[in-house]
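Down below is the structure, laid out as structure tokens.
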Amino acid sequence: MAWHCSGTTNQEMVQKLKDAGILASDRAEAAMLAVDRAKYCHEPDPYRDRPRRIGYNVTISAPHMHACALSILSNQLFDGAKALDVGSGSGYLSACMAHMVGSCGRVTGIEHIPELIEISTRNVREDNPHFLKENRINFVVGDGRLGHPADGPYNAIHVGAAAETLPQELIDQLAPDGRLVCPVMTVAGFQRFQDLLQVDKSADGTVTTKKLMQVSYVPLTDPTTQLRNVLT
């Protein structure tokens, strides 16, 4: 599916996402207006609706996918919530989540490439430094497939890369009434594609999974595989 939500400014990009019905939450809209994508995407035309490379074989997702994820997780990113951003990359979505959970909330962004943690921290410091001063965002180096139990359980978990299978460790770290959004590889015959899955954990711990749409993400993998033949 082709998307046409590019803009020349952050505000124009957000408005186009809203007009297209992709940005379906007022709180998600406010977050994307408050977090300037250009501070996280240091390429020409940062408001273009397409994924962009940020180094280390990683991309910052297209704006329409960020808008979609934030809208899906909007009810779980309430004031005071705890959120986990797996594959936090540039730090953009972590910052949007931090805006939504407020000063009493906490977002953990996890990356297995230390240099990306440095980049994301610098980006947030330039855009919304109070998120770091308030300890509203905590970036950690680690294997995102295992989550980060020390800061959990989480009301919302976002995975920004495609897993081979749905990580049980992340489901285990969901709080009651929590929601996980994760792209997962699917094989059908000789074809491989990715489904964006929504996983909900009820108050009694019951887990339900729903396929939302087909997507295209970089793989959720280990550092050695990710950095193979990398050009930063």
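Which of the numbered conditions does Glu43 fail, given that it passes all the others? Conditions: (1) within 20 Å of Arg122 (Cβ to Cβ); (2) among the charged types (D, E, K, R); (3) crowded, with 19+ Cβ neighbours inside 10 Å.
(3)
What single numbered condition from (1) more than 20 Å from Gly105 (Cα to Cα); (2) modelled with pLDDT of 95 or more; (3) in a strand (DSSP E or B) fails to hold for Phe193?
Here Phe193 meets the rest and fails (2).
From the residues in the stretch 1-20 that are farther than 15 Å from Asp45 by Cβ and within 19 Å of the chain's Cα centre (by Cα), which one is surrounded by the fewest Cβ atoms within 10 Å (Cβ to Cβ)?
Here the answer is Lys18.
Test Ser25 against the stated conditions and say whether it is under 20 Å from Ile110 (Cα atoms), touching a Ser or Thr at 6+ places or on another chain (Cβ under 9 Å) and small (Gly, Ala, Ser).
The answer is no for Ser25.
Output the number of residues of the stretch 102-131 satisfying the condition of being within 16 Å of Gly89 (Cα to Cα) and in a helix (DSSP H, G or I).
Total satisfying the criteria: 14.
Taking the stated definitions as given, is Cys104 under 24 Å from Leu170 (Cβ atoms), surrounded by fewer than 19 Cβ atoms within 10 Å (Cβ to Cβ), hydrophobic (A, V, I, L, M, F, W, C) and touching a residue at least 12 places away in the same chain (Cβ under 8 Å)?
yes
List pairs: first residue in the stretch 58-80 and buried (at least 19 other Cβ atoms within 10 Å of the Cβ), second residue modelled with pLDDT under 95 and of a type in the set (Phe, Trp, Tyr) anywhere in the structure, Cβ distance under 6 angstrom, at least six positions apart or on different chains.
So the pair list comes out as His64/Trp3.
Is there a residue in the stretch 203-222 that is under 24 Å from Ala81 (Cα atoms), of a type in the set (Gly, Ala, Ser) and part of a loop (DSSP other than H, G, I, E, B)?
Yes.
Condition first: of a type in the set (A, V, I, L, M, F, W, C), more than 13 Å from Val218 (Cα to Cα) and exposed (fewer than 15 other Cβ atoms within 10 Å of the Cβ). Now tell me which residues in the stretch 167-203 satisfy that.
Val187, Ala188, Phe190, Ala203
Kindly establish whether Val86 is modelled with pLDDT of 95 or more, within 22 Å of Asn138 (Cβ to Cβ) and of a type in the set (A, V, I, L, M).
In short, yes.
The values are calculated or read from the model by the stated rules, or taken from the named source; none is laboratory data. Keep in mind that this is a model prediction, so the values were computed, not measured. With ideal geometry, Cβ positions are generated from the backbone for all residues, glycine too; neighbour counts draw on all protein chains shown.
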